[in-house]
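K.L.:
Below are the structure tokens for one structure; questions will follow.
The values are calculated or read from the model by the stated rules, or taken from the named source; none is laboratory data. The structure displayed is predicted, hence computed values, not measured ones. Here the Cβ is made from the backbone with ideal geometry for all residues, glycine too, and neighbour counts use every protein chain on show. With ligands, DNA and RNA removed, areas are computed over all heavy atoms of the protein, side chains included. Shrake-Rupley method; radii C 1.70, N 1.55, O 1.52, S 1.80 Å.
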Amino acid sequence: MKEGVTMGPVITKTSVSNIKEKVDKALSEGAELAFGGSPLPALGPNFFEPTIVQNVKPSSLLWCTETFGPVVAITTFDTEEEAIELANDTTSGLASYFCTKDAERIFRVAGRLENGIIGINAGIISSAS
């Protein structure tokens, strides 16, 4: 991690185990580890390093269930329609995020996402600033 950047723990040791299992399972299914992927016992029993996993299959548990940990699962798509289908293919749907330079796409895509809140061109949907 970048010097001066901090992160907190996950809720329990069991959470760390669950995160590790999901990451490892995705890797065994063909996903690729771009960064992280391991517990951080030197910081305490409830720490897991920030993790990026790419080429995750949409059928993977890492993709289709909530992980509740510092993990980003990345997959690719070819069309806007496919991206919307991937985003809406969930039982969770708390929030969606997407980036675009196209103002028409903002309204077109945001109007079709089936989520509670949507962040556009920002990683934080709301903040105190």
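K.L.:
What pairs come out if I take residues in region 12-32 that are at positive phi and pair them with residues that are surrounded by 12 or more Cβ atoms within 10 Å (Cβ to Cβ) and of a type in the set (Val, Ile, Thr) whose C-beta lies under 9 Å away, six or more apart or interchain?
P.N.:
Correct list of pairs: Gly30/Val56.
K.L.:
Could you tell me which numbered condition Gly36 fails, if it satisfies all but one of (1) free of Cβ contacts under 8 Å to residues at least 40 places away in the same chain; (2) at positive phi; (3) open to solvent by 70 Å² or more (accessible area, probe 1.4 Å)?
P.N.:
(3) is the only condition that Gly36 fails.
K.L.:
Looking at (1) out of contact with any Phe, Trp or Tyr (no Cβ under 9 Å at 6 or more places or on another chain); (2) surrounded by 14 or more Cβ atoms within 10 Å (Cβ to Cβ); (3) not in a loop (DSSP other than H, G, I, E, B), which one does Val53 not meet, given that it meets all the others?
P.N.:
Only one criterion in (1) out of contact with any Phe, Trp or Tyr (no Cβ under 9 Å at 6 or more places or on another chain); (2) surrounded by 14 or more Cβ atoms within 10 Å (Cβ to Cβ); (3) not in a loop (DSSP other than H, G, I, E, B) is unmet by Val53, namely (1).
K.L.:
Which residues, counting only those in region 100-129, are assigned to a loop (DSSP other than H, G, I, E, B) and either touching a Ser or Thr at 6+ places or on another chain (Cβ under 8 Å) or surrounded by 11 or more Cβ atoms within 10 Å (Cβ to Cβ) (or both)?
P.N.:
Just the residues of region 100-129 that are assigned to a loop (DSSP other than H, G, I, E, B), to begin with: 100-102, 111-116, 121-129.
Answer for region 100-129, where residues must be assigned to a loop (DSSP other than H, G, I, E, B) and either touching a Ser or Thr at 6+ places or on another chain (Cβ under 8 Å) or surrounded by 11 or more Cβ atoms within 10 Å (Cβ to Cβ) (or both): Thr100, Arg112, Leu113, Glu114, Asn115, Gly116, Asn121, Ile125.
K.L.:
While we're on this one: Phe68 - would you say it is open to solvent by 90 Å² or more (accessible area, probe 1.4 Å) and on the phi > 0 side of the Ramachandran plot?
P.N.:
On the way: open to solvent by 90 Å² or more (accessible area, probe 1.4 Å): yes; on the phi > 0 side of the Ramachandran plot: yes.
Yes, satisfied.
K.L.:
Could you run through region 80-99 and say how many residues are open to solvent by less than 70 Å² (accessible area, probe 1.4 Å) and part of a loop (DSSP other than H, G, I, E, B)?
P.N.:
Keep residues of region 80-99 that are open to solvent by less than 70 Å² (accessible area, probe 1.4 Å), which gives 80, 82-84, 86-88, 90, 92-93, 95-96, 98.
Subset that is part of a loop (DSSP other than H, G, I, E, B): 90, 92-93.
Count: 3.
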